[in-house]
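Down below is the structure, laid out as structure tokens.
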Amino acid sequence: MSAAETSRIQEYIGDPVSDTPAVDREKLEEIFQDIQADMRYDHELNGCLNCGICTATCPAAHYYDFSPREIVQLLWTENLEGIHDAMQEKIWSCAQCYTCAARCPFGNSPGGLVMLMRETAIKHGMESAKNVLRPFSRVMLKLISTGNQLSPDMITPDGFADWGPNVAKVDAPLELLRKAIPMPTLHTTKTAWEVNLKTSVELYTIWEETGVLDSLETIDENLFDVILDIMDEKRDDYEDWMDEQD
Ligand code: SF4
Ligand code: SF4
């Protein structure tokens with residue numbers, strides 16, 4: 001039986017002395033069911049001993065008010081209010097390194113569960129998701145419109161002045177390292193960002209069919225509009241090019 005068919009949902013959600021919980025129960029259930037309905041959920045949560053091995057090895061737990069053990073316990077005990085609460089800040093501390101998944105004796109993937117919670121936060125247009133993603137709008141623009149973001153020739157002290165003293169570490173044999181990247185087309189911003197028209201149009205179809213664009217519209221309507229314009233323009237260019245071939 002899948003986790004979506006079982007339930008240990010607690011009867012009362014919210015402050016026991018208040019008649020008006022901050023988030024109504026229906027909404028809390030809807031959010032949890034969205035997390036639980038994902039096909040990865042049953043694979044990534046098999047039970048929890050509450051042993052804390054995941055938290056002991058988690059780099060994010062060392063620096064933030066965050067514990068993968070707590071996240072897993074909230075989901076395992078179906079603590080709807082706690083899950084909602086964790087989605088307001090804590091889940092964004094995870095570095096997605098998956099050390100936890102490699103160590104958990106139950107074969108859980110706390111990092112994977114955090115990813116499901118993040119995706120659900122985006123789907124529900126939570127402010128926490130908007131705040132976390134806002135500084136990355138330039139990255140998302142490039143990534144969604146070209147399929148690429150970073151190319152090796154961007155890694156220069158000038159390009160990453162905000163790295164501070166660490167920028168010295170880019171004094172590496174970059175030319176040699178770039179050769180380790182299998183696709184020569186990804187070596188420079190010029191070649192990585194000038195994407196073939198057909199590839200672009202196919203990429204946009206993938207974004208549409210997989211719901212990426214719907215998520216973007218929920219999180220950042222302005223960026224969504226800009227990307228829609230870029231997509232329309234590329235599609236027109238592709239159609240013109242096709243006409244020219246006839
Ligand atoms: S998720 Fe795994 S490692 Fe973490 S507390 Fe539960 S059983 Fe232990
Ligand atoms: S994936 Fe997240 S929760 Fe797991 S160890 Fe890495 S930072 Fe911690």
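Would it be correct to say that ALA161 is open to solvent by 10 Å² or more (accessible area, probe 1.4 Å) and modelled with pLDDT under 95?
yes
Between GLU30, GLU26, which is more than 16 Å from ligand 2 (Cβ to nearest atom), modelled with pLDDT under 95 and in a helix (DSSP H, G or I)?
Sole residue among the options that is more than 16 Å from ligand 2 (Cβ to nearest atom), modelled with pLDDT under 95 and in a helix (DSSP H, G or I): GLU26.
Looking at the stretch 66-95 only, could you name the residues that are in a helix (DSSP H, G or I), of a type in the set (Phe, Trp, Tyr) and more than 9 Å from ligand 1 (Cβ to nearest atom)?
Result: TRP92, single match.
Only one residue in ALA121, ALA95, ALA86 is within 16 Å of ligand 2 (Cβ to nearest atom) and closer than 28 Å to LEU177 by Cβ. Which one?
ALA95
For residues that are open to solvent by 50 Å² or more (accessible area, probe 1.4 Å) and either closer than 21 Å to ILE219 by Cα or assigned to a helix (DSSP H, G or I) (or both), scanning just the stretch 96-129, find the one that is nearest to ligand 1 (Cβ to nearest atom).
ARG103
As an exercise: evaluate THR146 against (1) touching a Lys or Arg at 6+ places or on another chain (Cβ under 7 Å); (2) open to solvent by less than 20 Å² (accessible area, probe 1.4 Å); (3) away from ligand 1 (no atom under 16 Å from the Cβ) and give the number of the one condition it does not meet.
Of (1) touching a Lys or Arg at 6+ places or on another chain (Cβ under 7 Å); (2) open to solvent by less than 20 Å² (accessible area, probe 1.4 Å); (3) away from ligand 1 (no atom under 16 Å from the Cβ), only one is false for THR146: (1).
If TYR63 passes every condition in (1) open to solvent by 50 Å² or more (accessible area, probe 1.4 Å); (2) within 10 Å of ligand 1 (Cβ to nearest atom); (3) hydroxyl-bearing (Ser, Thr, Tyr) but one, which one does it miss?
Tallying (1) open to solvent by 50 Å² or more (accessible area, probe 1.4 Å); (2) within 10 Å of ligand 1 (Cβ to nearest atom); (3) hydroxyl-bearing (Ser, Thr, Tyr), TYR63 fails exactly one: (2).
List the residue pairs whose Cβ atoms are under 6 Å apart, where the first residue sits in the stretch 52-70 and is touching a residue at least 12 places away in the same chain (Cβ under 8 Å), the second is part of a loop (DSSP other than H, G, I, E, B), and the two are 6 or more positions apart or on different chains.
Cβ pairs passing all conditions: CYS54/CYS104; THR55/SER67; PRO59/ALA95; ALA60/PHE66; ALA60/CYS94; ALA60/ALA95; PRO68/CYS58; ARG69/GLY52.
Limited to the stretch 214-244, what total is found for residues that are in contact (Cβ under 8 Å) with a residue 24 or more places away in the chain, open to solvent by less than 80 Å² (accessible area, probe 1.4 Å) and part of a helix (DSSP H, G or I)?
Selection size over the stretch 214-244: 13.
Hey, LEU74 hits all of (1) more than 8 Å from ligand 2 (Cβ to nearest atom); (2) surrounded by fewer than 22 Cβ atoms within 10 Å (Cβ to Cβ) but one; which does it fall short on?
(2)
In the stretch 197-213, which residue that is within 23 Å of ALA121 (Cβ to Cβ) and among the β-branched types (Val, Ile, Thr) is least open to solvent (accessible area, probe 1.4 Å)?
Looking at the filtered set, the residue picked out is VAL212.
The values are calculated or read from the model by the stated rules, or taken from the named source; none is laboratory data. Note that the coordinates shown come from a computational prediction; the quantities given were computed from them, not determined experimentally. When we count neighbours, we look across all protein chains shown, and the Cβ atoms used for this are built from the backbone with ideal geometry, even at glycine. Ligands, DNA and RNA are stripped out before the accessible areas are found, and what is left, the full protein with its side chains, is counted by its heavy atoms. Shrake-Rupley method; radii C 1.70, N 1.55, O 1.52, S 1.80 Å.
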